[in-house]
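Before any comments, here is the structure.
Just so you know, all these numbers are worked out from the coordinates, no wet-lab data involved. Predicted model only: the values in this text are computed from it and were never measured. Please note: Cβ atoms are built from the backbone with ideal geometry, for glycine as well, and neighbour counts cover all protein chains shown.
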Ligand SMILES: [Zn+2]
Ligand SMILES: [Zn+2]
């Protein structure tokens with residue numbers, strides 16, 4: 001029976017170029033999606049760009065552009081990056097799309113009808129000169145800790161993060177006028193209602209979510225859930241579908257996570273799947289794939305919103321969160337100038353090399369330190385030295401000595417057994433989100449191929465035992481066909497190349513069998529050695 005699988009990749013904020021840290025956090029989603037598709041399951045893999053919020057409006061103001069121009073530029077850049085890395089989203093949209101905005105408005109009304117939204121009046125900073133309320137980022141003032149100049153939410157002198165209410169001598173950032181306090185109303189979501197439900201959820205899922213997700217969620221719950229404002233004083237974002245809120249927009253924390261539902265529903269309608277049936281199916285498995293800073297949004301806030309909808313929608317089954325990538329022992333940041341963008345990497349080294357590195361050595365369980373030297377060493381050692389070598393030594397010998405024809409031989413039964421076992425273990429690991437172990441298991445399989453080759457010395461057999469030579473070589477080709485298939489979720493380009501050489505398929509996740517004589521196609525080098 002076809003399994004139903006929903007994979008949600010985190011929504012990048014459309015205000016910067018993706019760097020390899022972002023990519024490392026999102027890549028597991030593509031591997032899991034490709035794997036389940038090969039198993040013949042019903043897969044919906046979605047994501048999109050988060051286009052709203054104050055950082056984008058602030059930047060637009062500074063650069064004399066519209067917020068849409070800024071967000072749309074980065075949205076297009078991100079789409080391009082994902083294409084370069086062969087991400088296989090069924091749909092990648094953005095939060096400015098009409099379908100998303102309509103969906104969010106519908107959900108706000110539903111939550112309001114269900115009694116989870118209420119109005120609250122509070123005093124907010126106001127500029128009489130500009131005639132508008134000021135968000136924390138539109139305020140400058142004096143830091144209560146160090147006495148230096150600070151923003152409404154943080155002090156760059158002493159690096160404290162600040163509550164706007166504690167900032168002294170507040171002024172409007174735009175015109176410099178002193179700010180005053182004025183009563184303003186906002187809509188709040190009753191997040192505090194869901195403390196018990198989320199505690200129950202994390203208890204149920206503690207063996208399915210990554211360990212860090214369970215830990216972070218419990219920390220968040222220990223602080224106690226508090227109600228959160230869902231509206232912001234802003235003119236960029238999803239309009240509030242409730243009267244009296246025309247000057248405000250929905251807060252991004254609320255609407256961006258709902259993008260999973262928007263995009264999933266859209267894919268369902270494209271594929272002719274009943275969305276309500278899909279998303280409420282007890283046998284649906286959902287994966288949410290993101291960096292560790294996004295954990296509470298996916299384990300607390302999003303499930304609370306789903307529960308508040310009272311529609312029995314699937315709650316996250318698996319949380320695939322990743323740590324950070326540090327650069328030469330420092331946190332990557334634009335200001336330090338030590339960012340390695342995802343595009344720089346893919347243009348220099350190719351998609352599969354980077355994909356391999358980020359899974360085999362990436363921040364699956366903890367933060368990692370990236371250095372170009374390590375990267376090159378790993379590429380040369382495993383992709384050139386192990387995988388490339390196994391393919392190349394076999395095929396170039398056959399090309400040179402036997403005109404590219406491989407005679408049918410008997411496949412070694414131990415190797416067949418090892419192959420089947422490899423599929424089984426790799427399946428279990430991918431489904432559990434243990435991708436590093438999965439790729440390691442595949443590389444061990446390739447290594448045993450190299451060992452088999454060395455032990456049997458086919459270069460000698462070719463001279464004195466041609467039947468045995470054919471058996472050994474045919475076994476190696478069988479392994480290669482299965483390597484091509486096993487690596488497809490991780491390194492799709494290399495997999496396709498190898499399949500083309502051998503004329504085999506990589507469409508299902510099961511043992512590939514071969515029969516008859518095989519004429520191999522022209523042999524391109526799979527990986528080039530990189531000079532240090
Ligand atoms: Zn002002
Ligand atoms: Zn300070």
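Between residue 393 and residue 1, the contour length at 0.36 nm per residue exceeds the alpha carbon distance by 137.0 nm.
Here the chain carries DSSP beta bridges of which approximately 55% are antiparallel, counting only pairs with both residues inside. Tell me whether segment 104-217 comes out rounded, prolate or oblate; compute the Cα gyration tensor, take square roots of the eigenvalues as a ≥ b ≥ c, and use a/c under 1.5 as the rounded threshold. Since a/c reaches 1.5 but b/c is at least a/b, the shape of segment 104-217 is classed as oblate. Within segment 30-162, DSSP assigns beta bridges of which about 60% are antiparallel (rounded to the nearest 5).
Along the Cα→Cβ direction, 7 angstrom out, place labels at residue 72 and residue 118. What is the inter-label distance in nm? Taking the two extended label points, one gets 4.1 nm. Highest mean packing first, where packing is the average number of other Cβ atoms within 10 Å per residue, the peptides 295-307, 94-106, 330-342 line up as 295-307, 94-106, 330-342. Estimated from helices alone, the mean residue ellipticity of the chain at 222 nm is -14000 deg cm²/dmol (sum of -39500 (n - 2.57) over DSSP H runs with n ≥ 4, per residue).
Grab the beta carbon distance between residue 317 and residue 408, set R0 = 51 Å, and tell me the FRET efficiency rounded to 0.05. Result of the calculation: an efficiency of 0.65. Efficiency by 1/(1 + (r/R0)^6): what FRET value for residue 91 and residue 193, r their Cβ-Cβ distance, R0 = 35 Å, to the nearest 0.05? It comes to 0.65. For residue 157 and residue 515, the FRET efficiency from 1/(1 + (r/R0)^6), where r spans their Cβ atoms and R0 equals 60 Å, is about 0.25.
Assuming a ≥ b ≥ c are the square roots of the Cα gyration tensor eigenvalues, decide whether segment 331-383 counts as rounded (a/c under 1.5), prolate (otherwise, with a/b larger than b/c) or oblate. Taking the square roots of the gyration eigenvalues as a ≥ b ≥ c, segment 331-383 is oblate. Rounded, prolate or oblate: pick one for the chain, where a ≥ b ≥ c are the square roots of the eigenvalues of its C-alpha gyration tensor, a/c under 1.5 means rounded, and failing that, prolate if a/b is larger than b/c, else oblate. It comes out prolate by the Cα gyration axes.
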